[in-house]
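Just so it is clear, none of the values below were taken in a lab; they were calculated from the coordinates. Because the structure is predicted, anything quoted here is derived from the model rather than measured. For neighbour counting, all protein chains shown are included, and Cβ atoms are generated from backbone atoms with ideal geometry for every residue, glycine included.
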């Protein structure tokens, strides 16, 4: 999964709009559709909390998508004045189809009690100053009900910096964050991970390969591993999946050899052989690893030493990967 900063996300948006000629309102619509597809279908009664920018515009578009599915929807707007262009378009549509809307704080409190789920789009990822005034009050009111209501955040929980994940005074505590285009750098801030809830990334109609022109940092997920994991033939055997030779460990120091051997097995190597001291062989805590004893060269004859070297050489020639570490006092 691709990791992006605020600047990266802006570059991708601008390229899609200016070069690919995808209107920004189409990207907003795609985001709304993707978002709604991730909402629990059993939820029926929604309150959408919208800011004045494009994050709020996503909120209005999401409200309309939910309305079209027959859901009960109300909208609290921080303000209905000075909306961004795309936000104004979706606000007007919601007004025309007569979705209930209000900018009254007391109405916000009442509607929260009546709803099952709160979807918030107050700020986007570009927040760069401390949350104050009416915005702080709205976030605090929403958070008062975080234990009773499902809270979804659009792109990022409002009040969190998109680049470093720091809380800008106060922030929404979400159960689920549905974000767009890239995995935000903010999500790597594990200190504040409890505010993100479950994180889902949606492509808003753009192919992931397109993003690679702008991003060179990646966050690996189970899906990424699944996509590159080799499916093994049912008639195959362990010799088909790589042979690893590990020459490590001594009487005094056995830990590294055990860890390395187990790691190779866990990573999927077919046949793992450990050349090591008799002490480790006696303890035999490696059930899936072939163990071969190598005698201490300081305590054996020259002829036996020659045989030991031949044993090592034969195993080297029969291996695909070799790892060597040996510490003897």
Suppose the Debye formula is applied to equal point scatterers at every Cα of segment 193-240; what is log10 I(q)/I(0) at q = 0.16 Å⁻¹?
-0.73
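Sort 228, 142, 272 by Cβ crowding within 10 Å, fewest neighbours at the top.
On the way: 228 7, 142 23, 272 26.
Going from least to most buried by this count: 228, 142, 272.
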Given labels modelled 7 Å from the Cα in the Cβ direction, how far is it in nm from residue 19 to residue 227?
2.0
Using only Cα atoms and rounding to the nearest 10 degrees, what angle (0 to 90) does helix 6-18 make with the longest principal axis of the chain?
70
Point-to-point label distance, residue 84-residue 287, nm (Cα→Cβ direction, 7 Å offset):
5.6
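Cα-Cα pairs above 18 Å in segment 146-262: how many percent? Write down the numbers at each step before the final one.
Values: 4573 of 6786 pairs.
Percent of Cα pairs beyond 18 Å in segment 146-262: 67.
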Roughly what angle does helix 133-143 make with the longest principal axis of the chain, taking Cα atoms, 0 to 90 degrees, to the nearest 10?
60
So for segment 3-228: antiparallel DSSP bridges make up what percent, rounded to the nearest 5?
5
Using a 10 angstrom cutoff on alpha carbons, build the Gaussian network for the chain and name the most mobile of 30, 315, 128.
315
Cα centroid separation, segment 224-260 to segment 20-54 (Å)
45
Projected area averaged over all directions for the convex hull of the alpha carbon atoms of segment 108-183, nm², comes out at 4.8
Tell me what the chain gives for mean residue ellipticity at 222 nm when only DSSP H runs of n ≥ 4 count, each as -39,500 (n - 2.57), the sum divided by the residue total, rounded to 500 deg cm²/dmol.
-11000 deg cm²/dmol
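Can you check how the C-alpha radius of gyration of segment 8-77 compares to 2.2 N^0.38 Å, as a plain ratio?
Values: Rg = 13.4 Å, N = 70, 2.2 N^0.38 = 11.1 Å.
In units of the 2.2 N^0.38 Å rule of thumb, it is 1.21.
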Which value, in Å to one decimal place, does the Kirkwood hydrodynamic radius take for the chain when every pair of different Cα atoms is included?
23.7
Along the principal axes of its C-alpha atoms, what lengths does segment 16-144 span, in descending order and rounded to whole Å?
44, 37, 26
Provide the FRET efficiency to the nearest 0.05 for the residue 259-residue 42 pair, computing r from the beta carbons and using R0 = 35 Å.
0.15
Order by protection proxy (mean Cβ within 10 Å, highest first), peptides 51-57, 32-38, 16-22
51-57, 32-38, 16-22
How far is helix 85-96 tilted, in degrees, relative to the longest principal axis of the Cα atoms in the chain, given as a value from 0 to 90 rounded to the nearest 10?
60
